[in-house]
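For reference, the structure discussed in these notes is given below.
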Amino acid sequence: MVTREPGGTEVGERIRHILLEHASLHAQTELLLMFAARVQHVKTVIAPALALGKTVVCDRYLDATYAYQGYGRGLDISLIDALTRLLDIPPPDLTLYFDVPVPVALARRAGRAADRIEAEGEEFFERVRAGYRRRARDEPGRFAVIPAEGSMTEVGQAVETTLAGRW
């Protein structure tokens with residue numbers, strides 16, 4: 001099963017619209033909206049699918065919150081930890097982190113309209129990247145870092161190799 005965050009449910013998609021299109025959100029509001037969408041998603045989509053023995057692939061999930069709202073926005077990581085525990089959000093079994101230097105990522109996005117988060121500057125994305133890299137370093141058994149500077153074919157082959165080595 002393939003899904004995404006924020007989103008994955010009707011409520012989540014509405015929250016996604018607010019998160020990506022609303023001109024100004026306080027960082028804590030952004031965090032709480034992410035968790036609101038996630039709780040709905042986990043309780044109504046992800047957990048039931050896992051209970052049926054399905055594999056769930058989610059485009060962004062809990063680690064994205066640590067990277068974007070924690071490291072990128074500078075919110076206290078312990079707040080994210082507390083919300084995760086309080087709301088009973090299960091950690092992913094595996095996080096594929098596609099690592100690409102920020103200038104390369106920004107160049108790839110050039111020419112497309114940016115949403116509210118994509119419109120952030122290079123410094124923000126450097127903090128996000130550092131956050132992902134720190135989490136990958138701290139939890140190497142759960143993270144797979146995929147070098148993503150190459151072509152889509154090369155990145156796809158790296159994903160296949162990584163997954164073949166785990167399953």
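Rule-based calculations on the coordinates, nothing more; no lab input. In this text, all values refer to a predicted model and were calculated from it rather than measured experimentally. Positions of Cβ are generated from backbone atoms using ideal geometry, with glycine treated the same way; all protein chains shown enter the neighbour counts.
Relative contact order of segment 1-159, taken over Cα pairs closer than 8 Å and 6 or more residues apart, is 25 percent. With R₀ fixed at 35 Å, the C-beta to C-beta distance from Leu94 to Ala23 puts the FRET efficiency at about 0.50.
Where only DSSP H runs of four or more residues are counted, the chain gives -15500 deg cm²/dmol as its mean residue ellipticity at 222 nm, each run worth -39500 (n - 2.57).
Under the definition of Cα pairs under 8 Å and six or more residues apart, what whole-number percent is the relative contact order of segment 9-56? That works out to 42 percent. The alpha carbons of segment 2-166 stretch over 40, 37, 29 Å along the principal axes, in descending order. With each label point set 7 Å from Cα along the Cα-Cβ vector, what nm distance links Val104 and Thr44? Each label point lies 7 Å from its Cα, and together they span 3.9 nm. Across segment 32-118, the mean sequence separation of Cα contacts (distance under 8 Å, 6 or more residues apart), normalised by length, yields a relative contact order of 24 percent.
For the chain, the membrane-span-like helix rule (DSSP H, alpha carbon extent of at least 30 Å along the helix axis, mean Kyte-Doolittle at least 0.5) picks out no helix; this says nothing about an actual membrane. Charges were assigned to the Cβ only: +1 to each Lys and Arg, -1 to each Asp and Glu. The resulting dipole of the chain about its Cα centre is roughly 220 debye.
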